[in-house]
1. Measure out, as a whole number of angstrom, how far apart the alpha-carbon centroids of segment 190-248 and segment 49-126 sit.
2. With a cap of 14 neighbouring Cβ atoms within 10 Å, and only residues DSSP puts in a loop, list the trypsin sites (Lys or Arg not before Pro) found in segment 1-80.
3. When only C-alpha pairs under 8 Å and at least 6 residues apart count, what is the relative contact order of segment 3-307, in percent?
4. Under 20 °C and 1.002 mPa s, how fast does the chain diffuse according to Stokes-Einstein, given a Kirkwood radius computed over C-alpha pairs? Answer in µm²/s, whole number.
5. Evaluate 2.2 N^0.38 Å with N set to the residue count of segment 95-160, then give the Cα radius of gyration divided by it.
6. Of Asp106, Asp294, Asp192, which is the most mobile in a GNM of the chain whose springs link Cα atoms less than 10 angstrom apart?
7. Using only Cα positions of segment 175-304, each an equal point scatterer, no hydration layer, compute I(q)/I(0) via Debye at q = 0.09, 0.18, 0.22 Å⁻¹ and quote the log10 values to two decimals.
8. Does segment 22-99 come out rounded, prolate or oblate by the C-alpha gyration tensor, with a ≥ b ≥ c the root eigenvalues, rounded set by a/c under 1.5 and, if not, prolate when a/b is larger than b/c and oblate if not?
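Every number here is computed from the coordinates shown, using simple stated rules; none is lab data. Remember, it's a predicted structure, so these values are computed and weren't measured experimentally. Every residue, glycine among them, receives a Cβ derived from its backbone with ideal geometry; neighbour counts consider all protein chains shown.
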Amino acid sequence: MGTALITHADCLDHVTPNGHPERVARLEHVLHALQGLDLTRESAPLVDPAHLAYVHPRSHIEAITVAAPKDGFNQLDADTWMSPGSVAAAMRAAGAVVRAVDMVLDEEVSNAFCAIRPPGHHAETSTPMGFCLFGNAAIGAKHALQAHGLRRVAVVDFDVHHGNGTQDLLWDEARALTITSQQMPLWPGSGDPSEKGAYDNVLNIPLAPRSGSAEMRAAYETRIFPRLRAFEPELIIISAGFDAHQDDPLAELQWTTEDFRWLTRELCALAAELCESRVVSTLEGGYDLSALADSARAHVDELMEAAS
């Protein structure tokens with residue numbers, strides 16, 4: 001059935017100030033790296049507000065909607081900015097993940113990659129933060145549960161920064177298993193193993209600064225993959241941040257492009273074993289442009305191989 005690439009030009013209209021790491025060029029580099037691949041290319045729809053309401057109260061949705069400036073920038077916190085195009089971009093980003101879930105569960109494609117921005121895994125219930133406005137991956141998980149009637153969905157987040165937003169949004173959702181590996185210590189400071197969710201449905205795997213391939217692979221093979229097998233998800237959603245790469249300027253993990261290739265291959269193999277190869281992946285971090293492009297290409301190459 002193949003692999004879908006879901007994106008939209010509106011995601012390029014979310015502009016940040018000069019020097020900000022979450023910049024338009026990130027998505028441009030990813031899309032350039034994926035040119036010419038045999039992908040089912042899909043335009044990301046604007047998300048239905050009812051789908052945002054799976055995880056965000058109306059007050060948060062309205063606050064984001066009115067926060068975009070008519071020109072220039074609006075700074076929401078130390079790291080998170082909005083420009084005139086930010087609301088449409090965020091609506092497309094969340095809409096991309098919902099559309100990806102629909103395509104995979106309706107058997108239009110085997111798996112999907114959402115090339116979107118702004119990212120989503122730091123957005124908490126009522127708090128935009130860490131470059132994120134809406135919780136894209138969590139919205140996709142809730143959509144699979146609510147609209148498609150799945151009983152178990154797993155979110156695997158391998159971004160170098162802890163997915164505090166996804167954890168917050170799915171904390172009380174017994175049908176969702178949230179697994180994150182992240183450098184610790186590092187912003188945002190959450191992600192301790194003691195944070196287990198309301199139903200023991202959160203697994204945090206801190207990784208030490210300067211650790212690399214061996215430590216990452218051991219953590220996934222001994223702790224994360226067994227937990228996924230035990231949970232038996234019917235869909236795996238990947239928060240695909242590529243900032244654990246050794247060249248990334250915002251953190252200190254020492255992963256290589258081949259590590260992202262290996263991890264994607266292993267997650268796809270687990271999906272084939274557990275849930276009919278159903279995988280939805282959405283772009284999170286990654287701030288060295290060359291490393292981001294190379295790693296995203298390796299990630300999508302493995303999604304395509306799993307779908308072949």
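1. Value for the Cα centre distance between the two parts: 24 Å.
2. Lys70
3. Relative contact order of segment 3-307: 19 percent.
4. So the translational diffusion coefficient is about 115 µm²/s.
5. Compactness ratio reported: 1.13.
6. Taking springs between Cα atoms under 10 Å, the residue moving most is Asp106.
7. Rounded to two decimals, the profile gives -0.24, -1.04, -1.51.
8. Judged from the Cα gyration tensor, segment 22-99 comes out oblate (a/c at least 1.5, b/c at or above a/b).
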